[in-house]
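Enquirer: Below is the structure I would like to discuss, written out as C-alpha cells.
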Amino acid sequence: MTVDTTPVLRAAGLGKRFGRHWALAHFDLEVHGGEVVLLFGANGSGKTTFLRLAAGLYKPSRGTLSIQGHDSVKERLDCRRLLSMVAHDNYLYARLTALETLRVWVRLLGSPARDSDLIPLLEEVGLAERRRLPVGGFSAGMKKRLTLLRTRLEQPKIVLLDEPFSALDVAGQDLVEGWVERFREEGRTVIMASHNLPRALKICDRAVSLEQGQIVWTGSGSELVKREEKAS
Amino acid sequence: MRLLTQTLTVVRKDLLLEWRGRSRIISVLLFGVVTLLLFSFAVGPDSAALRASAAGFLVLALLLSSTLGLSESFRLEQEQRAVEGLLLLPVDPIALYYGKAISNTLFLVLLAPILTPVALVLYAVETEPIRLLVLLGLWAAAAAGLSAPGTLYAAMTSRLQSQDVLLPLLLFPLVVPVLLATVKAVSLILTGDPMEQIRSWTILLVSFAVIYWSICGLLFPHAIEEGR
C-alpha cells in the first residue's frame, strides 16, 4: 500500500445548501494518495452530496474543496482531469452500443479509440459478447459494469464511487473489490459511499460516518466493526 | 487540438444517435410540411398572394421546426444524466457547446431539401435552379443563426419541466434579426432582386450568426455548470 502524506483532497468547512436545508455542513476531510475511504450513513446523510461536490458537479455553498491544490470551483476542469466518478446514474446513451460508448469516452479523453484496446476491457467486465448491442437493452448490473470502465479509461488520481456494489451480482462485486485493491496498489485514492458494509469494510483504510450532513465519527474499518457490534 | 477532437466526437455521437432514433427528424419534417400546408390553405387559391408570402411561410416553418428539434436535442443528454457524464470525463464545456450547435445546425440544414420543394409547389413559385442553390446557402446561414442561441437556451431549459414553453419564449425575441434578414433575402431570391439587395441582407444574417456563435460559446459553460 502506498500512502502519501500530502492530501490529494482537502475539504475545509465545506457546506452545501438546497433551499433552506443544509445537505452538508462544517465538513472537514483530508484524504491522502493511495487511501481508500468509505463514507457511510443513512440515506440523506450527505454522502452523495459530498461526492458530487468533490466531482465539481455542485458548487459549495460554504467552505472550500481542493484536489491536489486545485480549487474545485475556480479550476474545475483541472480537478476533473484528476478524478473519475461512477454515480447512481449510468451516463449512458441507450441507443449506442457498448463498444460505441467506450469509443466516445476514449475519443473525448483524447486517446485513439482502438477496438483492440477496448474489447479486452469489455471482456474484463463480461460484456465483450454483447459489445454490438445497444446499452438501452442492458440490465442495471450490465450498465453498471460498463460505467465502471470509466475508472479504467480515465486513469485518475482519485476515484469517486457512489454505491459501487449496487445492482451488481456477486461476481460483479468481486470485480469492483479487485479494482479498488488495484487502485490502491497503483497509489490512486478511492472515496466511496456504500451501504454494503461487509464488502466495503474489507477494502477500506478509513471509514467516515455521516449524520445529517456532518461527520460524526472517523476510524479504521476494524474499529467500525467493533462499534457496530457494540451498538447492536 | 483536444478541443477540436472533443467537438467532432460530440458531433459524431449526436449524428449517430439521431440516425439510430430517426424519430426527431421525422417528427420535425412532418411538422414543417404540415405547417407549410396549413399556411397555403389559409391564404387560399390566390397564386399571387401565395407567391408573395412564400418566403415568410418558409422561414416560419424553419423557425417552428427548429424549436421542436432544439428542445429534443438536450432531452437525450438529460436521460441518465449523460451530459453530466460528458462533463466529468472531462469534456471542455465549449467543445460540448460547439459539438451540439454544429449537429443542431446540420439537422436544420437537412430540412431544406424537403421543405423548399414542398413550399415551391404549394406556393406556386417558379425559380431558376441557380437561385435554389443560393437559397440553400442562405438556409444554412439561417440554420446556424438559429442553432447557436437555440443550443444555449435548450441547455439552460433542459432541466426544467416547462422547457417546451420557455425555449420559444427566450429564443424568438433573440433571433428576430436572423429571421428578418432571412425572410427578406429568401423573398428576394424567390421573387427577384432588381435592386441587388440580397448581398446586404446576407451580410446582416451572417454577421448575426457569427456574433451568436461567439457569444453563446462563451456563455455556455456558465449555463451548463452554474446553478448545480
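Enquirer: Would you tell me the mean number of C-beta atoms belonging to other protein chains that fall within 10 Å of each C-beta in A:79-85, as a whole number?
Expert: Neighbouring Cβ atoms belonging to other protein chains average 3 per residue here.
Enquirer: Where Rh denotes the Kirkwood radius from the mean inverse Cα pair distance, what is Rg over Rh for chain B?
Expert: 0.99
Enquirer: Also: Ignore the peptide's own chain and count Cβ atoms of other chains within 10 Å of each Cβ in B:18-29; give me the average, rounded.
Expert: Neighbouring Cβ atoms belonging to other protein chains average 1 per residue here.
Enquirer: Per residue of A:99-108, what is the mean number of Cβ atoms on other protein chains within 10 angstrom of that residue's Cβ?
Expert: 5
Enquirer: Suppose every Lys and Arg Cβ carries +1 and every Asp and Glu Cβ carries -1, with no other charges. What dipole size does the range A:89-154 come out with about its Cα centre, to the nearest 20 debye?
Expert: Magnitude of the dipole: close to 160 debye.
Enquirer: Now, a different point. Quick one: grab Rg to one decimal and Dmax as a whole number for the range A:89-154, Cα atoms only, in Å.
Expert: Here Rg and the maximum Cα pair distance are 10.5, 29 Å.
Enquirer: Can you tell me which of B:LEU135, B:LEU146, B:LEU17 moves the most in a GNM of chain B? Springs connect C-alpha atoms under 10 Å apart.
Expert: Most flexible of the set in this elastic network: B:LEU17.
Enquirer: Please give the length that would be gained between A:GLU186 and A:VAL170 if that part of the chain were fully extended, namely 0.36 nm times their separation in residues minus their C-alpha to C-alpha distance (nm, one decimal).
Expert: Gain in length upon complete extension: 3.3 nm.
Enquirer: What number, in percent, do you get for the relative contact order of the range A:89-154 if the mean sequence gap of Cα pairs under 8 Å and at least 6 apart is divided by its residue count?
Expert: 45 percent.
Enquirer: Further, regarding this structure: Could you tell me the center-to-center distance, by alpha carbons, between the range B:113-133 and the range A:142-160 in angstrom?
Expert: 52
Enquirer: Now a separate question. Which one, A:HIS88, A:HIS21, A:HIS70, has the greatest fluctuation when you compute a Gaussian network model over chain A with C-alpha springs under 10 angstrom?
Expert: In this elastic network of chain A, the residue with the biggest mean-square fluctuation among A:HIS88, A:HIS21, A:HIS70 is A:HIS21.
Enquirer: With respect to the cross-link table entries A:LYS47/B:LYS100; A:LYS47/A:LYS157; A:LYS47/A:LYS202; A:LYS47/A:LYS230, which display a Cα-Cα separation exceeding 30 Å?
Expert: Violating the 30 Å limit, Cα to Cα: A:LYS47/B:LYS100.
Enquirer: Pick from B:ALA112, B:ALA101, B:ALA48: which is most flexible by mean-square fluctuation in a GNM of chain B where alpha carbon atoms under 10 Å apart are linked?
Expert: The residue that fluctuates most here is B:ALA48.
Enquirer: Exactly which trypsin sites (Lys or Arg not before Pro) in the range A:1-87 are in a DSSP loop and have at most 14 other Cβ atoms within 10 Å?
Expert: A:ARG20, A:LYS74
Enquirer: Please find the FRET efficiency linking B:GLU196 to B:LEU38, where r is the Cβ-Cβ separation and R0 is fixed at 41 Å, and quote it to the nearest 0.05.
Expert: 0.75
Enquirer: Please give the Cα centre distance for the range A:111-131 versus the range B:30-106, rounded to the nearest Å.
Expert: 36
Enquirer: Test of understanding: express the Cα radius of gyration of the protein assembly as shown as a ratio to 2.2 N^0.38 Å, with N the residue count.
Expert: 1.17
Enquirer: Among B:LEU179, A:LEU65, B:LEU152, whose Cα projects farthest towards the positive end of the dipole of the protein assembly as shown, with charges put on the beta-carbon of Lys, Arg (+1) and Asp, Glu (-1)?
Expert: Going by the Cα projections, it comes out as A:LEU65.
Every number in this text was worked out from the coordinates using simple rules, so none of it is lab data. If you're wondering where the values come from, they're calculated on a predicted model, not measured in any experiment. All Cβ positions, glycine included, derive from the backbone under ideal geometry; neighbour counts span all protein chains shown.
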